[in-house]
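The values are calculated or read from the model by the stated rules, or taken from the named source; none is laboratory data. Computed from a predicted structure; not experimentally measured. Backbone-built Cβ (ideal geometry, glycine too); neighbour counts: all protein chains shown. Each accessible area value is taken on the protein alone, full model and side chains, heavy atoms only, with ligands, DNA and RNA left out. Shrake-Rupley method; radii C 1.70, N 1.55, O 1.52, S 1.80 Å.
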Amino acid sequence: IKEGYVYAISNSAWPDWIKIGMAIDAEDRLSSYQTSSPMRNYRLVHSVYCEDRSESERSAHILAARKANIPWSKNDNGEWFNITQSQAVDILKEIAID
């Protein structure tokens, strides 16, 4: 299944960091993060539906890396970015248009 969501989540333990990921269902993915956190402090910042969630996630990672002023490589940087929640929302809105 190519369709699904690209999402941004935050955690109050790391207030300056946003995770950008993909899932068939963003709310369900958030729930899986909560099970590994005793504080249940992950929050869904924003999500957008995409016809090709893998390609859209890649685009979002590249945009987020630019905002964070780092070169992007999923192997090196993973999916966490030092960006604001507002920047994350803007990035997801931008990929939703593509």
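Could you say which residue among Ile9, Ile20 is closer than 17 Å to Gly78 by Cα, within 13 Å of the chain's Cα centre (by Cα), free of Cβ contacts under 8 Å to residues at least 60 places away in the same chain and not in a helix (DSSP H, G or I)? If you could, list the steps in order and put the result at the bottom.
Details: Ile20 fails: free of Cβ contacts under 8 Å to residues at least 60 places away in the same chain.
Going through Ile9, Ile20 in turn, just one is closer than 17 Å to Gly78 by Cα, within 13 Å of the chain's Cα centre (by Cα), free of Cβ contacts under 8 Å to residues at least 60 places away in the same chain and not in a helix (DSSP H, G or I): Ile9.
Residues to consider are Gln34, Gln87; find the one that is assigned to a helix (DSSP H, G or I) and in contact with a helix residue (DSSP H, G or I) (Cβ under 6 Å, 6 or more places away or on another chain). Please lay out each step first, then the result.
Numbers: Gln34 fails: in contact with a helix residue (DSSP H, G or I) (Cβ under 6 Å, 6 or more places away or on another chain).
Testing whether each residue is assigned to a helix (DSSP H, G or I) and in contact with a helix residue (DSSP H, G or I) (Cβ under 6 Å, 6 or more places away or on another chain) leaves just Gln87.
For segment 19-42, a residue qualifies if it is within 17 Å of Lys2 (Cβ to Cβ), hydrophobic (A, V, I, L, M, F, W, C) and surrounded by fewer than 17 Cβ atoms within 10 Å (Cβ to Cβ), and exactly one does: Ile24.
So that you can scan it fast, the table gives a plain yes or no per residue for (1) under 11 Å from Ile9 (Cβ atoms); (2) over 12 Å from the mean Cα position of the chain (by Cα); (3) modelled with pLDDT of 90 or more:
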| site | (1), (2), (3) |
| --- | --- |
| Ile24 | no, yes, yes |
| Pro38 | no, yes, no |
| Asn41 | yes, yes, no |
| Lys74 | no, yes, no |
| Thr84 | no, no, yes |
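Determine, yes or no, whether Asn75 is part of a helix (DSSP H, G or I) and either in contact with a Gly (Cβ under 7 Å, 6 or more places away or on another chain) or open to solvent by 90 Å² or more (accessible area, probe 1.4 Å) (or both). Here the answer is yes, as Asn75 does meet what is asked. Only one of the numbered conditions (1) within 14 Å of the chain's Cα centre (by Cα); (2) surrounded by fewer than 14 Cβ atoms within 10 Å (Cβ to Cβ); (3) on the phi > 0 side of the Ramachandran plot is violated by Gly4, and that is (2). Here segment 43-72 is the region considered, the condition is being outside any helix (DSSP H, G or I) and under 12 Å from the mean Cα position of the chain (by Cα), and the residue that is surrounded by the most Cβ atoms within 10 Å (Cβ to Cβ) is Ser47.
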